[in-house]
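A short worksheet on the structure shown next.
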Amino acid sequence: MAAPVSLRDDYDAAQLRALSKQAKDGNQTRRLLALAEIYDGRRRSDAARIGGVSLQTVRDWVLRFNADGPDGLIDGKAPGQQPKLSAMQLQALARIVE
């Protein structure tokens, strides 16, 4: 079995719990609390149970947290559907409407 990815060492469990109280995003709060358990020395399966996710998802959270800190645990905005008209077609349409 591969060794788990280590959490960054510039945070601790108490800091993550404090950040979770300030967070406006519910998903970020849940993720911060799950990672706080890992900092407390609990197993990642416990963190997965607390977060209501799989071990792979906890690993993904750890990678996002290590890369971007607490902000990495906020869900990004989905890109949405690609426009059906190209920029040139939109300009042509704008000229017709005028």
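Filtering segment 42-58 to residues that are touching a helix residue (DSSP H, G or I) at 6+ places or on another chain (Cβ under 8 Å) and closer than 20 Å to Gln15 by Cα leaves Arg44, Asp46, Ala47, Ala48, Ile50, Gly51, Val58. Val53 is checked against (1) assigned to a helix (DSSP H, G or I); (2) at pLDDT 95 or above; (3) not charged (D, E, K, R) and fails just one. What number does that condition carry? The one condition Val53 does not meet is (1).
Out of the residues in segment 56-94 meeting the condition of being surrounded by 13 or more Cβ atoms within 10 Å (Cβ to Cβ) and of a type in the set (A, V, I, L, M, F, W, C), tell me which one is nearest to the chain's Cα centre (by Cα). For segment 56-94, the residue satisfying everything is Leu73. Cβ-Cβ distances below 9 Å connect the following pairs, each with a first residue in segment 39-60 that is polar (S, T, N, Q), a second residue that is open to solvent by less than 50 Å² (accessible area, probe 1.4 Å), and a separation of six or more residues or different chains: Ser45/Val58; Ser54/Ala48; Gln56/Ala48; Thr57/Ala48; Thr57/Gly51.
Within segment 9-37, the set of residues being in a helix (DSSP H, G or I) and of a type in the set (Ser, Thr, Tyr) comprises Ser20, Thr29.
Selection of segment 38-49 for residues being open to solvent by 70 Å² or more (accessible area, probe 1.4 Å) and assigned to a helix (DSSP H, G or I) yields only Arg49.
I'd like to check something: does segment 3-26 contain any residue that is at pLDDT 95 or above, surrounded by 15 or more Cβ atoms within 10 Å (Cβ to Cβ) and within 11 Å of the chain's Cα centre (by Cα)? No, segment 3-26 contains no residue that is at pLDDT 95 or above, surrounded by 15 or more Cβ atoms within 10 Å (Cβ to Cβ) and within 11 Å of the chain's Cα centre (by Cα). Report yes if some residue within segment 73-80 is of a type outside the set (Phe, Trp, Tyr), over 20 Å from Val5 (Cβ atoms) and part of a helix (DSSP H, G or I); otherwise report no. No.
The values are calculated or read from the model by the stated rules, or taken from the named source; none is laboratory data. It should be emphasised that the depicted structure is a prediction, and the values quoted were computed from it without experimental measurement. In this analysis, Cβ positions are derived from the backbone assuming ideal geometry, glycine residues included, and neighbour counts consider all displayed protein chains. We work out accessible area using only protein heavy atoms, side chains counted, and drop any ligands, DNA or RNA first. Shrake-Rupley method; radii C 1.70, N 1.55, O 1.52, S 1.80 Å.
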